[in-house]
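Visitor: Pasting a structure below so you can have a look.
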Amino acid sequence: MKTTIHIFAGFIAMLILFPIDMLSQFSNPVSKINLIPDVMNKVHYLENDGNSLTGKTFDADSFPVYNGFPKIVTGQSFEGGITCQMDADSELEIVYGIGATIQAWNLDGSNVTGWPVSLSYNAQGAPSYGDIDGDGQAEIVLGTSNFVGNAGAIYAFEKNGTPVTGFPIVNGATGRTIVLADLDNNGALEIISNKRIYPIGEVWVYRGNGTAYPGWPKTLDHVPASSSAVGDITGDGIPEIVSESYLSLYAWDRNGNPVTGFPFTMPNGDVNSYSSPVLADVDGDNIREILFGSHASSGGGFVYILKNNGTILNGWPKQTNWWVYGPPVLGYINGDNVIDIVVGDQVGSGIPTDYVYGWDKDGNVLNGFPIGPINAVNNQITLADLDNDNQLELLIDDNTQTAGMGKYLVYNHEGTPNNDWTLSTTGTSFFNMPTLADINGDGRLDLVGAGFTAGGSNQTYVYVWNTNQPYNAARTVNPVWQFNVRHNGVYGDNNLVGINETSVEIPDGYLLNQNYPNPFNPVTKISYQLPEAGSVSLQIYNVLGKLVTTLVNERQNSGTFEVQFDGKELSSGVYFYRLNANGISILKMMTLLK
């Protein structure tokens, strides 16, 4: 598919009337203005910081936007979109839930065949993508709600836009993003959602045919607060489900039995909203902890790290000035090989009042943090090496719009602003998580984001920027909301251990090749071949036999495949990788040297 780019100057015309009637608590009110970009596409305007008017200049667009974008759709999106493979060409497609629709676009801005599709209720959260019916093809899943009479449904569509058999599930209002995970290891992903039944809620698990999974639903003590996280927190290789109500945090095994120590009730009179749990091995014991943010009626917020028995990790929680709405995110930010945690806070204000906080795993404040004051952060911060300097940058949403324009902000790893990464949007980027990908396979980073014209036309503007920077997959922590297109909240499961089918010829037998390079630091490739289709898993173990990560867990056709494994989170040593396919098990050893 041919793709071209253009400089999106002046947003459709050189002279535009930008209305400013966004919710006053989220913006610096400015009367309607005619903004005329100069010949370098820069705009000058007056900004009110609450005390005085100050002249400000910004680039109307600092990166080229692909031809055909922005796409303008009535309605609002939450937690961003995804990129995924939906047709026969080599390029990825862009998928968003906006208003009462699911939109799917090619990189030239045209609609993917069979899309958009209409919904009976408004989209809640990002679309999810994965094989829910075990047919070897991924489906698109999205939850919806209108919160009037707690109405809503869960939709699932094939790549061509036709409904999956058994859907929609009209089971009431869903809150935020659907999570997909293979709970029973049969190659088909289950659907983990929640249901708002004010004043309480439920967590549901469905199979890919729309029927309830045995042992579910489970009742919450208040309304659901966010989407769930699904991953192994006990070390047995079987995923648990971690969910939030407004008042508590729950953990169950896949059959709905409570994990010992849960539910956990926050000890500071604080409550949960939107900050979905994140699962990560913070303390290096090869068992994942649970990270989440909260907020208190007194105005402050907290960031917790819980052990799998419901106890709080030493040094935590950490307090923030204002409420925490976005999930925390982890990464090696300051180069000391100690895992770090970052999160932003938010409060309704006409002036910059909020901060981005950074701590190491022990709760020590990172140099250069907190960053601010800035405008409120409502989403998960994106961590990635955006400019190819071998350091992680922080890409955050911003809840303001000035003269009709919103923006994404970028900060360097040491907390200084990166002004070379100005990303301007029509409308605020509030609650719109950006998506990072190499959409057309040219080795360059493409960045998808959106703005919403709140209080005005109530439209979402979706952009696809061509940054022309090398796409550093190994140094992209969370390219999409909650790390991957299944949105399971598992740190390290970031869709960048990409599975590439290198051959469609049918091999003679099962084969697991030696990883290359070996020894490696920190990235290596593992290839294998399958003579027939079936359920396949490829897992990494340490020398104690504990599962480190699962690289592949899905149904695959016959052929030869290659998977990239990034061991940046692991210490030097010997590891094992095991291929399981159709009853065949092959084990090999590899060495990580740092």
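The values are calculated or read from the model by the stated rules, or taken from the named source; none is laboratory data. The model shown is predicted, which means the values in this text are computed figures rather than measured ones. Counting neighbours? That spans all protein chains shown, and the Cβs are built from the backbone with ideal geometry, glycine included. Accessible surface is based on the protein model in full, side chains and every heavy atom, while ligands, DNA and RNA are left aside. Shrake-Rupley method; radii C 1.70, N 1.55, O 1.52, S 1.80 Å.
Visitor: Applying the selection to region 368-409, what residues are part of a strand (DSSP E or B), within 22 Å of residue 482 (Cα to Cα) and open to solvent by 10 Å² or more (accessible area, probe 1.4 Å)?
Guide: Answer for region 368-409, where residues must be part of a strand (DSSP E or B), within 22 Å of residue 482 (Cα to Cα) and open to solvent by 10 Å² or more (accessible area, probe 1.4 Å): 407, 409.
Matching residues to (1) modelled with pLDDT of 95 or more; (2) more than 23 Å from residue 484 (Cβ to Cβ):
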| residue | (1), (2) |
| --- | --- |
| 101 | yes, yes |
| 108 | yes, yes |
| 131 | no, no |
| 154 | yes, no |
| 158 | yes, no |
| 165 | yes, yes |
| 185 | no, no |
| 188 | no, no |
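Visitor: I would also like to ask the following. Would you confirm whether or not region 333-343 contains a residue that is polar (S, T, N, Q), within 28 Å of residue 445 (Cα to Cα) and open to solvent by 10 Å² or more (accessible area, probe 1.4 Å)? Walk me through it before giving the result.
Guide: To start, the set of residues in region 333-343 that are polar (S, T, N, Q) comprises 334, 337.
Of the ones still in play, those that are also within 28 Å of residue 445 (Cα to Cα) are 334, 337.
Filter again for open to solvent by 10 Å² or more (accessible area, probe 1.4 Å), leaving 334, 337.
Yes, that holds for at least one residue.
Visitor: Among the numbered conditions (1) within 21 Å of residue 319 (Cβ to Cβ); (2) open to solvent by less than 10 Å² (accessible area, probe 1.4 Å); (3) assigned to a loop (DSSP other than H, G, I, E, B), tell me where residue 348 comes up short.
Guide: For residue 348, the exception is condition (2).
Visitor: What about residue 191, is it within 21 Å of residue 143 (Cα to Cα) and within 20 Å of the chain's Cα centre (by Cα)? If you could, list the steps in order and put the result at the bottom.
Guide: Numbers: within 21 Å of residue 143 (Cα to Cα): yes; within 20 Å of the chain's Cα centre (by Cα): yes.
Here the answer is yes, as residue 191 does meet what is asked.
Visitor: For residue 313, are the conditions met, namely being more than 17 Å from residue 483 (Cα to Cα) and open to solvent by less than 40 Å² (accessible area, probe 1.4 Å)?
Guide: Numbers: more than 17 Å from residue 483 (Cα to Cα): yes; open to solvent by less than 40 Å² (accessible area, probe 1.4 Å): yes.
The answer is yes for residue 313.
Visitor: Evaluate region 41-56: report whether one residue or more is buried (at least 17 other Cβ atoms within 10 Å of the Cβ), modelled with pLDDT under 95 and either β-branched (Val, Ile, Thr) or not in a loop (DSSP other than H, G, I, E, B) (or both).
Guide: Within region 41-56, one or more residues are buried (at least 17 other Cβ atoms within 10 Å of the Cβ), modelled with pLDDT under 95 and either β-branched (Val, Ile, Thr) or not in a loop (DSSP other than H, G, I, E, B) (or both).
Visitor: Here is a follow-up. For region 125-156, give me the residue count where each residue is free of Cβ contacts under 8 Å to residues at least 60 places away in the same chain and open to solvent by 10 Å² or more (accessible area, probe 1.4 Å).
Guide: Matching residues across region 125-156 total 9.
Visitor: While we're looking at this one, here's another question. Can you tell me which residue in region 83-106 is farthest from residue 162 (Cα to Cα), limited to those that are open to solvent by 10 Å² or more (accessible area, probe 1.4 Å), in a strand (DSSP E or B) and among the hydroxyl-bearing types (Ser, Thr, Tyr)?
Guide: Among those that are open to solvent by 10 Å² or more (accessible area, probe 1.4 Å), in a strand (DSSP E or B) and among the hydroxyl-bearing types (Ser, Thr, Tyr), it is 83.
Visitor: Step by step: first the residues of region 312-363, then only those that are among the hydroxyl-bearing types (Ser, Thr, Tyr) and touching a Leu at 6+ places or on another chain (Cβ under 9 Å), then the one that is farthest from residue 263 (Cα to Cα). Which residue is that? Talk me through it step by step, then tell me what you get.
Guide: Quick first cut of region 312-363, residues among the hydroxyl-bearing types (Ser, Thr, Tyr) only: 320, 325, 332, 349, 353, 355, 357.
Filter once more, keeping what is touching a Leu at 6+ places or on another chain (Cβ under 9 Å): 332, 357.
Values: 332: 30, 357: 27 Å.
Among those residues, the one meeting the criterion is 332.
Visitor: Considering only residues that are open to solvent by less than 10 Å² (accessible area, probe 1.4 Å), over 17 Å from residue 554 (Cβ atoms) and in contact (Cβ under 8 Å) with a residue 60 or more places away in the chain, which ones fall in region 174-211?
Guide: 177, 178
Visitor: Among the residues of region 317-328, is any of a type in the set (Gly, Ala, Ser) and open to solvent by 10 Å² or more (accessible area, probe 1.4 Å)? Break it down stepwise before answering.
Guide: If we filter region 317-328 for residues that are of a type in the set (Gly, Ala, Ser), which is where we start, we get 326.
Next, from what is left, pick out any that are open to solvent by 10 Å² or more (accessible area, probe 1.4 Å): none.
Scanning region 317-328, I find no residue that is of a type in the set (Gly, Ala, Ser) and open to solvent by 10 Å² or more (accessible area, probe 1.4 Å), so the answer is no.
Visitor: When you check residue 385 against the structure, is it in contact (Cβ under 8 Å) with a residue 60 or more places away in the chain and in contact with a Lys or Arg (Cβ under 6 Å, 6 or more places away or on another chain), yes or no? Spell out how you get there, then give the answer.
Guide: Details: in contact (Cβ under 8 Å) with a residue 60 or more places away in the chain: yes; in contact with a Lys or Arg (Cβ under 6 Å, 6 or more places away or on another chain): yes.
Considered against the rule, which asks whether it is in contact (Cβ under 8 Å) with a residue 60 or more places away in the chain and in contact with a Lys or Arg (Cβ under 6 Å, 6 or more places away or on another chain), residue 385 comes out as yes.
Visitor: Follow-up question, since we're still on this one. What is the residue count in region 218-258 for residues that are assigned to a loop (DSSP other than H, G, I, E, B) and open to solvent by 50 Å² or more (accessible area, probe 1.4 Å)? Outline the logic, then answer.
Guide: Taking region 218-258 and keeping what is assigned to a loop (DSSP other than H, G, I, E, B), we get 221-223, 225-228, 232-239, 246-247, 253-257.
Subsequent filtering for residues that are open to solvent by 50 Å² or more (accessible area, probe 1.4 Å) retains 221, 234, 236, 238, 246-247, 254-255, 257.
Count: 9.
Visitor: Please count how many residues of region 501-530 are over 18 Å from residue 540 (Cα atoms) and either modelled with pLDDT under 85 or outside any strand (DSSP E or B) (or both). Walk me through it before giving the result.
Guide: Start the filter on region 501-530 by keeping residues that are over 18 Å from residue 540 (Cα atoms), which leaves 501-510, 530.
Filter again for either modelled with pLDDT under 85 or outside any strand (DSSP E or B) (or both), leaving 501-510.
Residues meeting the conditions: 10.
Visitor: Would you please name the residue that is least open to solvent (accessible area, probe 1.4 Å), looking only at residues in region 351-367 that are in contact with a strand residue (DSSP E or B) (Cβ under 9 Å, 6 or more places away or on another chain) and acidic (Asp, Glu)?
Guide: Looking at residues that are in contact with a strand residue (DSSP E or B) (Cβ under 9 Å, 6 or more places away or on another chain) and acidic (Asp, Glu), I get 354.
Visitor: Of the residues 109, 114, 80, which single one is surrounded by fewer than 21 Cβ atoms within 10 Å (Cβ to Cβ), farther than 15 Å from residue 158 by Cα and in contact (Cβ under 8 Å) with a residue 12 or more places away in the chain?
Guide: Details: 114 fails: farther than 15 Å from residue 158 by Cα; 80 fails: surrounded by fewer than 21 Cβ atoms within 10 Å (Cβ to Cβ).
Exactly one of 109, 114, 80 is surrounded by fewer than 21 Cβ atoms within 10 Å (Cβ to Cβ), farther than 15 Å from residue 158 by Cα and in contact (Cβ under 8 Å) with a residue 12 or more places away in the chain, namely 109.
Visitor: Oh, and also: Only one of 273, 298 is modelled with pLDDT of 95 or more, in a loop (DSSP other than H, G, I, E, B) and either out of contact with any strand residue (DSSP E or B) (no Cβ under 9 Å at 6 or more places or on another chain) or not acidic (Asp, Glu) (or both); which?
Guide: Numbers: 298 fails: modelled with pLDDT of 95 or more.
The conditions single out 273.
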